[in-house]
Structure formats: structure tokens, C-alpha cells
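One structure is given below, encoded as C-alpha cells.
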Amino acid sequence: MITKSRLQIPRPSARPGDEPDFSYLDLSPAGSIDKPQIGARTRDIEFLSSGLVRVLDEDFTAKGPWDPNLDPTQLQVALRWMMLTRALDDRMWQIQRQGRISFYMQSRGEEAVSIAQGMALRSGDMCFPSYRNQGLYLYRGVKLVDMMCQCLSNTRDMCKGRQLPIMYHSKAGNVFSISGNLATQFPQAVGWAMASAIKGEDHIAASWVGDGSTAEADFHYALTFAAVYQAPVILNVVNNQWAISTFQGTAGGQRRPFAARGLGLGIPGIRVDGNDLLAVYAVTLWAADRARRGGGPTLIEHVTYRGGAHSTSDDPSKYRPKDEWEAFPLGDPVERLKQHLIVEGHWSEAKHEKLAEQLKADVHAAWREAQKYGTMTEGPFLDPATMFEDVYDEMSAHLESQRRRMLEVLSEN
Amino acid sequence: MNMIEAIRSAHDVMMDRDPTVIVLGQDVGYFGGVFRCTDGLQRKYGEHRVIDAPIAEGGIVAAALGMGVNGLRPVAEIQFADYIYPSFDQIVSELARLRYRSCGEFFSPVTIRTPCGGGIRGGQTHSQSPEGIFTHVSGIKTVMPSNPYDAKGLLISAIESDDPVVFFEPKRIYNGPFDGDPEKPGVSWASHPKGEVPEGYYTVPLGSAEIALPGEELTIVTYGTLVHVAIAAARETGVDCEVIDVRTMAPLDVKTLADSVKKTGRCLIAHEATRFGGYGAELAATLQKECFYQLEAPIGRVAGWDTPYPHAFEWQYFPGLKRLSAGIHRVMEAE
């Protein structure tokens, strides 16, 4: 019996030098969680927010009611997109380390989330991603070279040098612009979804935040608006266990899963194995169907692990065990899908190796092309006068005069 | 029309013309707004176009932003400007910069309406004038009308603008012009020329100031409620003042202001918001640069004291007739 008030200071299960310890993660065997009808009432499906929906078993076979029965070609395509994402990340990380771009963020270990959800959504559905959803941009048609040019802030940069690397946008692909401020996109996605319903369209919206950002007010605005108006939206929490150096308990994930955050508002939550492409695809399709048929929002928690550093400015060896990812019980999403395809007889180590080499070559070729549009040190360079554009729809008189002044100053050099 | 009716009429005209215009905010729907600015709109346009929102200003602006990206033209009401701060990040980091950061691929034409200013016994949480906080942010336009005619015309321009606009409504003059003397009986807009408001569509362009009172000896640059106080102070002092109603704080119509100050050689800036670091400082800096060689005296400023707006001392705080008249004399006597 506690006799005095006291603070609990949340502490992760392991710090540098400790044995990795994931005993805190509640796991369910693959295939053990029921798949309810999409019309089910939230109160009847609360089990989805505490269990863990998994399809791929330890032996890499697909099990249970959530198996989406994707055909082998679709799975090979999914594997390719995940591998391409990782190949891009690997190369760009290396390029940043060589000082050739200022900053980078990789999605190592979380590739299944973007690719599976990209596949499960329709092209008219609008995505409001976080900064670790580069797979979505790739899947929705942004070329490698354009991703790289953005990171280079060069003459082909979609952001014209205005944004930090990785803050992409794609109007054509229906993927929103990355802000840099966390969780702001979450309630924006709900507004987009509300507009879709107001206009009588059947497009839905989806958004992503990390476990850490669930603490932001914007997360709660999003849940409230989504619940109140039953907006057709999928709200995703990518729980990769770490928000820079603070573990998911610091955002309040220790007592109830993030998937349960919506239950008080009547939003169904699904806790899914985020490293299981089949499971993520299946729960996304379920939530999308539900939203499209007027069933309202779903909150999906993807249990995954941030396989790399937070960003190129981060050093995780200072705050977590070096071998923690290797010990993560849900493994590596790329490896798991690969093994599934092999077990099913639709893939081989040799094919995998060949594809990896080909993607690596594609990435290298794209990097060679990207540099033609300028690098940080060598031209061609962006015209700095463009910095005054797009502040307003039309350039105001005072910006026009500042632009002239800047050009005068530059011409004096 | 009074200003409330003019604002309501602007909504009505735009909702009728453009099916993408929708309204959301606290109490704006069934009830028609705590100041009645959206009264009757939900009955006329339905619950999908006039939406009662939860008490979550950040959520209101964020949802409006998302709706704007999806082809709607949202008008969001923040019930009091004092309550706008929870939405500050969504306005400053998101709404204002979306076009910029996506190089024009994405934008959201949101208008945020919010009643501001004191003189209604609102205390420190229902009286603020935070316009200067928003004029400092590139990517948004800031507007404050001083009369019903301008309110309707400017609001229609704001709704039609593809840029986000923060539209401040000085609530002390919703029902009638106010000369700064709370002891006098209230005056209605009925007898004021700017209370003549056409029923249909018209615009007052954003970025244009107006000469509210022509004069030759001193220019008073002001906006909102203080336009009327400045006119009263001009009459009381007998100084031949030219009162300029800024109307749009950003983008600023520098030419109208500077032309007047070059003509009179003297300038007094007045706003209800606190003085230090306020919008008046930007006006003063701009006008001294534009008009330095024509100025015959230092530019004066009259503003709210640099304290929160105190409930019991509202009229000691409010930059009323006495302070404006004293300000006029100060600038006239300075050499």
C-alpha cells in the first residue's frame, strides 16, 4: 500500500550495456485474433486494441482470418518497394555521412508500414505522412531522382531549397507536404476526410504519427474531430519504441496500448504487427472499407522498431542497447516477407540477391542523375530570388521590394 | 446594417455563390454564434456547411486547413481572439507556410474570423487585440474593419482570397460606432454612412487603407474601434486631423499612409493593443523611412498599456478620447 503520493519516472527496459528486454511487449500468436465484420460496434471489438494482429507466423507461413491472400506477384512487388526504400535510405545515409547532404532520416525497420498501407489505400485517398514514410512517396510515384534532388536542395528540388531534406510533397501522388512540426498533419487529415464526406466523395484520408507525437495536442484534436463527425480517416500511430532518446513509455504507452487511445471516444483501435506486411495490409483494408462505408475512423497502432538512429544528427548508442533491434521479437519486415515468399515457393535467395543488386544500381544511377541538377558545392544552383515566391498567391509589393534589394546586394559582391 | 448583420450577409452572399464555402467554429451552427454573426446560416445551408465544432481551436484551424486542401473554402470562427492561441501553431507553422513549403502545390484558402478588442467588460481573456502577433508572420494576411460596409466587403475579399486571412472583428463596434466615451448612450450604425450596406455581392480589396476623415495638419494612422475614437479626438481638439483607417495590416497600403504623412508632416499612431513590440512600431518605422524629410515632429504612439487588459480598470486601460487628444497635442506641439 502506497501511503504517500509519488511520481513514477518512466524508464525503458534497457539502456546501453544492458541486455535488450522486450518482455514488456504483449504479443499474440499469428492468426489468433478474430477478424470482425467492418460494421461491428466499437465496444464489441475492443480486443483488437489490446491483442496484436499478426498473419506471418514464426515459420513465415500466413495464418488466420486476417490473411489478405495477396497473390505472389503482389507480394513480390511489395517486397521490391520495401527493398527500394531501404536501398534509398542506405545510400542517402551514406551520402549524408560524406557531407554531401545536410541531413537525412531513414525508415529502416519500418518499411512495411508505408508500403503495405500504400497498397491497401486507393490512389484517390489522401495521405498525410510523418517524416518516416518515404516509402509512401516512392510507392505513389515520386521518382528516386526527385527524392534525391529534394535532399540536395538543387535546381530540380520540388521544394526549391525551402525545406530540410526528406520533407517531400506530391500533389500528383496525393501525399501531403511534410511539415517538420510533429503531429500537425493528424487533425489536418481529419479535416480533409470531413471535406471528402461533405462533398459526397468516397475518398478517405490517412495520417501517420510516431508514438512520441501522440502526446501532442494535435493528436487529441484529430481523435476528437474524427470521432465527433465520424470522419472517413485512418489514424496511424507508428510505435517504433523510441522518440529520439525517450522510449514509448515517456509518451504514456506503458499502461495501455496506443491503439486504445481512441476507445474513450468510440474509435476502434487495432494493434498490429507493424513488421508484418500482410497484417498491416489487412487491417488497413479493413479500416479503409469501414471508413468508405460510413463507419468512421479507425486508429491503428503499428508495433515496430526504429532500426536506425532518429536522424543523421542522432547517436542512439548513447541511450539504448546497440543490439536492441536484433533482439526485437517482431524482426525485420523485409526479411520476414522475403522468407514468406521463399517458404511459399515464390522467391529464392538468388532472386533476392539479384533484386537487391539491381535496386542498388538503380539508386546509384539516380544519384548520378540527381547530381547533374546541382549539389551543395557545385552548380547549377537555385536562383535565390525564388525564395520570395509562393509566400502569397501573388507576390506582395513589400516582398517584391525586398527581392529587388536582395538582388542588389548579391550583385554588389 | 450593423457590423454583425454585415458579416452575416458576407457569409450568406458567399455561401450562396460558392458551394465550397463552409463555416465551422464553436456555437456557429444551430445557435448562430455567440455574437450572432452566423445566425440562420445553418438553417439555410445545412449542417454539412455550417458546423458546430468542439472546443478545440487548434482542431478547428487544422480541420479547416485540411478541408481547404480538399477543395473547400472554409471560414473558421474563433470565438474570441483571446482563444486563438491554441491554434497558433496550426496558423503560423502550417496555414501560413503550406503554399511556400510545397512551392504552390498545396495551399489552403482558410479565413479565420475572430472578435477582438475591449470595451465590453471582458477582462483580460475577452479583450485582447493580438493582430501584431499575426502581422509578424509571413504567409498570412491580417485584416480589421472599422465599420459594417468594410466588414462585409473585406470579408468577401478574404473568403475569395487563396491566401489564409486572419480577420479581426472589433466587437465593441459590432452594434454601433464608439467614440471612446463609455458614459455616452450607445449609437447605432443606422445613422452612420458606413452602416449603409448593400444586400448583394461587393468587395473591399485587401491591402488598401482608407481616409476616414480628411485633414491637413496631422495624420492619425489607426484601425478598428480607434478609428472612431480618433475622429472624435480630432473634433474635440479642433486640430485638422486626417484619420487613416489601415483596414488591412498585412499587406500594408504604405502609399496611402505615406502620402498623408508627407502632406501633414505630423503623425500619430493609435491602436488598442499593447505598445511594446506592437504593430504601431512597424507603422512608425515604415513611415519615418518613407516620410523622414517631411516630418516636423517625432511620430507619436498611443496604445494600450503594456499590461494585461484589467477587468475593473477597463477605461483607464483603453486608449480613449483623453489619451488620443493628449497624443494629438503632443505631436502638434513637438518641434
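A few comments on the model shown:
- Neighbourhood net charge (13 Å Cβ-Cβ; Lys/Arg +1, Asp/Glu -1) for B:ALA190: -1
- Relative packing of peptides B:22-31, A:41-50 - highest average C-beta neighbours within 10 Å first: B:22-31, A:41-50
- Gyration tensor verdict on segment B:3-195 (Cα atoms; rounded if a/c is under 1.5, prolate if a/b is larger than b/c, oblate otherwise): prolate
- Euclidean distance between Cα centres, segment A:148-204 to segment B:140-210, Å: 35 Å
- Over 32 Å between alpha carbons, listed pairs B:LYS44/B:LYS171; B:LYS171/B:LYS322; A:LYS171/A:LYS351; A:LYS171/A:LYS372: A:LYS171/A:LYS351
- Descending Cα extents along the principal axes, segment B:27-126, whole Å: 44, 35, 19
- Spin-label model, A:ASP26/A:GLU201: points 7 Å from Cα along the beta carbon direction are separated by 3.8 nm.
- Nearby aspartates and glutamates by direct alpha-carbon distance to A:LYS360 (threshold 12 angstrom, same-chain neighbours under 8 apart not counted): A:ASP89, A:ASP90
- Computing FRET efficiency as 1/(1 + (r/R0)^6) for B:PHE88 and A:GLN358, where r is the C-beta to C-beta distance and R0 is 35 Å, gives about 0.10.
- The label-point distance for A:ARG11 and B:ARG36, in a model that sets each label 7 Å from Cα toward Cβ, rounds to 6.3 nm.
- Partners for B:LYS289 among lysines (Cα-Cα distance below 28 Å; same-chain residues under 8 apart left out): B:LYS141, B:LYS255, B:LYS262, B:LYS263
- Estimated inter-spin distance, B:PHE313 and B:ILE120, nm [label 7 Å along Cα→Cβ]: 2.4 nm
- Using the Cβ of B:SER157 as centre and a radius below 12 Å, the other residues enclosed give a net charge of -1, where K and R count +1 and D and E count -1.
- For chain B, the antiparallel share of DSSP beta bridges with both residues in that region comes to about 15%.
- For the residues of B:229-236, the average number of beta carbons from a partner chain within 10 Å of their own beta carbon is 0.
- Placing R0 at 22 angstrom, the Cβ-Cβ distance between A:THR377 and B:SER138 gives a FRET efficiency of 0.15 after rounding to 0.05.
- Size of segment B:247-334: Rg and Dmax of its alpha carbons, in Å, are 13.7, 44.
- Under-5 Å amide H pairs with A:ILE300, H placed in peptide plane, nonlocal only: A:LEU235, A:ASN236, A:VAL237, A:ILE270
- Rg and Dmax of the protein assembly as shown, based on Cα coordinates, read 29.2, 96 Å.
- Computed from the Cβ-Cβ distance with R0 of 35 Å, the FRET efficiency linking A:ARG100 to A:VAL77 stands at 0.70.
- Comparing mean-square fluctuations of A:ASN154, A:ASN239, A:ASN181 from a GNM of chain A with C-alpha springs under 10 Å, the top value falls on A:ASN181.
- Model label zone, B:ALA281; criterion: amide N under 18 Å from point 7 Å along Cα-to-beta-carbon; scope segment B:225-260: B:250
- Distance cut-off 28 Å, percentage of C-alpha pairs in segment A:42-382 lying past it: 39 percent
- The helix-based estimate of mean residue ellipticity at 222 nm for chain A, built from -39,500 (n - 2.57) per DSSP H run of four or more residues and divided by its residue count, is -11500 deg cm²/dmol to the nearest 500.
- Within 10 Å of the Cβ of each residue in A:182-189, the mean number of Cβ atoms contributed by other protein chains is 6.
- Cross-link partners of A:LYS63 among lysines (Cα-Cα below 23 Å; sequence separation of 8 or more within a chain): A:LYS35, A:LYS338
- Chain B, helix-only ellipticity at 222 nm - DSSP H runs n ≥ 4, -39,500 (n - 2.57), divided by all residues, nearest 500: -9500 deg cm²/dmol
- The stretch between A:ARG405 and A:SER317 holds 26.9 nm of extra length on full extension. This uses 0.36 nm per residue minus the Cα-Cα distance.
- Averaged over peptide A:384-394, the number of partner chain Cβ atoms lying within 10 Å of each residue's Cβ comes to 5.
No lab work stands behind these numbers, since they all come straight from the coordinates. None of the values given here were measured: they were computed from a predicted structure. Cβ: placed from backbone, ideal geometry, glycine included. Neighbour counts: every protein chain shown.
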